[in-house]
1. If you check Gly81, Gly118, which single one turns out to be within 22 Å of Val40 (Cα to Cα) and either outside the structural domain of Leu163 (by TED's automatic domain parsing) or touching a residue at least 40 places away in the same chain (Cβ under 8 Å) (or both)?
2. Just a yes or no: is a residue in segment 45-67 part of a helix (DSSP H, G or I) and within 28 Å of Val181 (Cβ to Cβ)?
3. Please go through segment 230-288 and pick out each residue that is aromatic (Phe, Trp, Tyr) and either closer than 18 Å to His127 by Cα or outside any loop (DSSP other than H, G, I, E, B) (or both).
4. Thr65: surrounded by fewer than 19 Cβ atoms within 10 Å (Cβ to Cβ) and farther than 19 Å from Val196 by Cβ, yes or no?
5. Could you check segment 175-188 and list, in sequence order, the residues that are under 15 Å from the mean Cα position of the chain (by Cα) and farther than 24 Å from Val274 by Cα?
6. What are the pairs, 6+ residues apart or on separate chains, where a residue within segment 49-65 that is without any contact (Cβ under 8 Å) to a residue 12 or more places away in the chain has its Cβ under 8 Å from a residue that is not aliphatic (A, V, I, L, M)?
7. Report yes if Tyr90 is of a type in the set (Phe, Trp, Tyr) and in the same structural domain as Val196 (by TED's automatic domain parsing), otherwise no.
8. Of all residues in segment 21-44, which are part of a helix (DSSP H, G or I) and either free of Cβ contacts under 8 Å to residues at least 60 places away in the same chain or not assigned by TED's automatic domain parsing to the domain that holds His77 (or both)?
Amino acid sequence: MWRLGWRRLRQRRFRQEAGELDVDLGARVRRLLALLLLLVTVHSAAMMLFEDLSPREAIWLTMTTLATVGYGDYSAHSAAGQTATIVLLYLVGITVLAQLASDFIDHRLQRRQLKLRGSWEWRMRDHLLVINPPRHSGQHYLQRLIAQLRDTPAHQDTPVLLLTENYPDGLPEALRQQGVVHHHGYPDSDTILNTVAPERALAIVVLAEDAQRASDAITFDILHRLSDRIDMTRIPVIAECVDDANRGRLLRLGVRSVIRPVRAYPELVVRALVAPGVERVLENLFTHDDDHSLRYDLPLRGLAWGEVVSRLIRQDFGTALAYVTESGDVVCNPPANEPASGIALIIMVRAGFEPSTDDLARVLAG
């Protein structure tokens, strides 16, 4: 019987690897287990009735017979007891047990395959849900994003779940090693969103599919579906937006942070998650819109950094961010009492007002 069970196990494994196994093995395991428990109960009752055994002795005899170990301390002597053992255990019970073991192993293998291929319905809690990772260079971007997340103390162990169509054959090994899992699907229906439990997420990130303006329409549709399911004041949502003109529409849906899809810097997403508002400052560093950073080439004579910052602010010339030494090193945010000696100054200035190099030189000269 056992040999038959293992042969069937190997055959089913082969069919599973070939993609032919689509039955609900979990349900079948439960049915076989229920049948086995019924056989154990009936046989134990028969041993109590025909062999005059106590409940403990009857169960022990049933289990040792079913497991084919046969200690011999108890056995059926009556014709009725022996007949019950042959019918219930030898003909049916041992076969059911072998089938149960085979199906249970298959069930575990099937679950593993479903998880690897993104077909498993994850029921996570307090996870980071990332929807719509980019199609191009997505793996490298995600690896950097997760690495930045893991470097943040509050999210070192936060589970990460991707909802994407990018990996039909399973996530790359590098992402799996970072503790990432995924569900393979497109977030264009409530049915798909059900599989990733957004209402139980710690935070949600909706990325732009690509750099085309049409991506904003897709993002808006996803966010609208999410707004019907979750309380965005409780679960922070971060969304990428290609066209700045669409920022307001996304914010009105309750999104906490809207950022540009800067694929070279996934740190923007992590900063928006752990320090809301910082992503806006970082975006301004990359662009000439709103506040922006400029370099002014002028000699610095060793004035304390705190005094440099103070003088610029008092004159409403902007905020000093760093200075450049004669060797070309950029010193960012030095201590207030550190002398600033160098050849250039980097300042965050307001849109529409850029002080001249001569103005700065005059203010720093005192």
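1. One residue alone meets the criteria, Gly81.
2. No, that holds for no residue.
3. If the condition is that a residue be aromatic (Phe, Trp, Tyr) and either closer than 18 Å to His127 by Cα or outside any loop (DSSP other than H, G, I, E, B) (or both), then Phe286 is the only one that fits.
4. No; evaluated as a whole, the condition is false for this residue.
5. Correct list: His183, His184, Gly185.
6. If the second residue must be not aliphatic (A, V, I, L, M), the pairs left are Pro55/Ser44; Thr64/Gly70; Thr64/Tyr71; Thr64/Tyr74.
7. Criteria not met by Tyr90.
8. If the condition is that a residue be part of a helix (DSSP H, G or I) and either free of Cβ contacts under 8 Å to residues at least 60 places away in the same chain or not assigned by TED's automatic domain parsing to the domain that holds His77 (or both), then Ala27, Arg30, Arg31, Ala34, Leu37, Leu38, Leu39, Val40, Thr41, Val42, His43, Ser44 are the ones that fit.
The values are calculated or read from the model by the stated rules, or taken from the named source; none is laboratory data. Computed from a predicted structure; not experimentally measured. Using ideal geometry, Cβ is built from the backbone for each residue, glycine included, and neighbour counts are taken over all protein chains shown.
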